[in-house]
1. Looking at B:LEU319, B:LEU246, can you tell me which residue is over 23 Å from B:VAL221 (Cβ atoms) and part of a helix (DSSP H, G or I)?
2. Residues of the stretch B:263-292 being touching a Leu at 6+ places or on another chain (Cβ under 8 Å) and outside any strand (DSSP E or B), which ones?
3. Could you check the stretch B:190-210 and list, in sequence order, the residues that are more than 16 Å from ligand 2 (Cβ to nearest atom) and more than 14 Å from the chain's Cα centre (by Cα)?
4. Mind listing just one residue for me: the one in the stretch B:75-87 that is more than 7 Å from chain A (Cβ to nearest Cβ) and part of a loop (DSSP other than H, G, I, E, B) and, of those, farthest from B:ARG10 (Cα to Cα)?
5. Can you tell me which residue within the stretch B:42-56, out of those that are more than 9 Å from ligand 2 (Cβ to nearest atom) and β-branched (Val, Ile, Thr), is nearest to the chain's Cα centre (by Cα)?
6. Kindly provide the set of residues from the stretch B:21-46 that are more than 14 Å from chain A (Cβ to nearest Cβ) and within 11 Å of ligand 1 (Cβ to nearest atom), ordered by number.
7. How about the stretch B:12-41: which of its residues are open to solvent by 10 Å² or more (accessible area, probe 1.4 Å), away from ligand 2 (no atom under 13 Å from the Cβ) and part of a strand (DSSP E or B)?
8. Sort out which residues of the stretch B:93-109 are more than 18 Å from A:VAL206 (Cβ to Cβ), in contact (Cβ under 8 Å) with a residue 24 or more places away in the chain and within 13 Å of another protein chain (Cβ to nearest Cβ), and write them in order of number.
Amino acid sequence: MEKRVTFQGVLLPLLLVLPQIVVTAVFFFYPAGQAIWQSLFIPDPFGLSMRFVGLGNFEFLLSDPYYRASFVTTAIFSSLVTVVSMGVALYLAVLADRLIKGSGTYRTLLIWPYAVAPAVAGVLWLFMFNTRVGVVTWYLGLLGYDWNHVLNEGEAMGLVVVASAWGRISYNFLFFLAGLQAIPKSVIEAAAIDGARFWTRFRTIVFPLLSPTTFFLLVVNVVYAFFETFGVIHTITSGGPQQATTILVYKVFADGFVGQDLGSSAAQSVILLVVVSVLTVIQFKYIERRVHY
Amino acid sequence: MATVTLENLRKSYGPTEVIHGVDIDIADGEFIVIVGPSGCGKSTLLRMVAGLERVSAGEVRIDGTRVNDVEPMDRNIAMVFQNYALYPHMSVFENMAYGLKIAGTPKPEIAERVSDAARLLQLEDYLGRRPRELSGGQRQRVAMGRAIVRKPAVFLFDEPLSNLDAKLRVQMRLEIKQLQRRLGVTALYVTHDQVEAMTLADRMVVMNAGVADQIGAPLEVYARPQTAFVAGFIGSPPTNFVAAQLLRPGAPDGARLGVRPEHVRVVSPGEGALQARVMYAEPLGAETLVHLKLADDALFTLRQDGTAPVPEEGAEIGLAWDDDAQMLFGPDDRRLQG
Ligand SMILES: Nc1ncnc2c1ncn2[C@@H]1O[C@H](COP(=O)(O)OP(=O)(O)OP(=O)(O)O)[C@@H](O)[C@H]1O
Ligand SMILES: [Mg+2]
């Protein structure tokens, strides 16, 4: 039985949700409205007046090769971050799941990176891979590899992917571990008796039963890679070299605050707003029908 | 089809030993039921035969081959779990076909064997459903089906009927017995229900705190319990115990006499072996259980025919029984005399 508190009247409930409404209005509805409004204008070079251009900013953006390149970069970046962070997390969760004793310790240790702010994580990785004084760079140098993510686009991408994925592993790990532990042990044992060895069991039983968790994490991680990796990219590569790590969110910042092209920047925000709405809808739709077997 | 041998089988979790050396020889095609109270180690024993639990000491042999270090999938066994352990994301057909598919059985043969099993278990109409769309009894049948399609040498059952209602339990009990007879497969069946044990078993193993107290045919175990535990556990209501010295001066300290409720007769006060006061009677139709209190406040039960006159509450009566109905157990609870 679900226990609900019911209120008489409307004043008290309204008062209780007011802070949330205010926060949402100030930090979401207002800026979102501003972005939509501004995306329809082009400011003059001195920022003194605005010229209405309708969907001109969007037309320009979609024909802009740099913007399209940024889309591709974002796709590559977020796929890599998602695959790496979920893959490593799943691997660790499977190992921890087989371990009954001590899994609590691992869980605690593995959750730590989650508490590290993206910008701090970025600085951390930047130090390790600094082209001159980085400890990893030095070891790679000993092995005869000349690491330089400031010049090499692939290396730059690799570094921001690793730095972004690292912070997500613990979050994903916790969900995967909970998902694994929710699978009844006897089902796994029945499969073992039926002849399935570890890998077959994983492929045919464990992974399918884990699919609700996997899908949930997929959406959450894509959203993260799209929007919350700004700090990492800003501290490590600032979108370079040659825009190789300029993902859509970073481009909003670069064009708007650095390039002062507010109209284009606002139009980009609106496009991102649409993307995140679609992702959210997918997620909610799916979570509603979560129990699919 | 195979024999199963357990030799001085032991299991410890850390420093605690929970199975203290069990020896059982199971013949080909035999139906063995392991019965005992909760926590006595029945599941642990079965899981060691299945290979799901490591053997701490001793040996498990299937068809004469030592299998201590053989993986479950290589033991040629099938197991039915208490919660059925069906694969929730697969249809009934896929559940039953899973093992065959892994073994690389050709598709037409899989289809044939699954449909044979489905016919046998009356599951033909449910092959396309998922486990969550089935009733408890149907799930139970799917679990059985999954076990039989692979034609294993040994069936293992861990309390397969305990999640069913009483009526279905009786029906499935019969079906399991018939199925095992028809297939002629050696079966090891764990239960805490003595009626299940009595009705299913060719031989039953009565477990007590990690030890197999007695192994034998059900009626044999019932008639000649080797320990006080077996006498108390098998039979309902359980055997009555009284201090042996009460009736046999000279019996060793701590020895007890056991008498089954159905062997006790009511006689006039002052006569018979014991005097008792009637507390209350439970008329069950075919029989009546009379609960009594002895002089030293110990409880005593007698069971009489439903047609016999029911003694009144509070009445003083005498209790008598034939000499060969009484069982003497030593201070160590072992049977002293036949
Ligand atoms: N993983 C484990 N670690 C430590 N002790 C265990 C473990 N599994 C079982 N035991 C102990 O072993 C003993 C036997 O357990 P088992 O599950 O075999 O009992 P059972 O006879 O099947 O009981 P039930 O009828 O309740 O299923 C119990 O005392 C239990 O506490
Ligand atoms: Mg058990």
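The values are calculated or read from the model by the stated rules, or taken from the named source; none is laboratory data. This one's a predicted model, so the numbers in the text were calculated from it and none came from an experiment. Cβ coordinates were reconstructed from backbone atoms using ideal geometry, including for glycine residues, and neighbour counts include every protein chain displayed. Side chains are part of the model used for accessible areas, which takes the heavy atoms of the whole protein and leaves out ligands, DNA and RNA. Shrake-Rupley method; radii C 1.70, N 1.55, O 1.52, S 1.80 Å.
1. B:LEU246
2. B:VAL264, B:GLY272, B:ALA273
3. None; the set is empty.
4. B:LEU86
5. Among those residues, the one meeting the criterion is B:VAL49.
6. Correct list: B:ILE34, B:VAL35, B:GLY36, B:PRO37, B:SER38, B:GLY39, B:CYS40, B:GLY41, B:LYS42, B:LEU45.
7. Matches in the stretch B:12-41: B:SER12, B:TYR13, B:THR16, B:GLU17, B:HIS20, B:GLY21, B:ASP23, B:ASP25.
8. B:MET96, B:ALA97, B:LEU100, B:ALA103 - these are the residues of the stretch B:93-109 that are more than 18 Å from A:VAL206 (Cβ to Cβ), in contact (Cβ under 8 Å) with a residue 24 or more places away in the chain and within 13 Å of another protein chain (Cβ to nearest Cβ).
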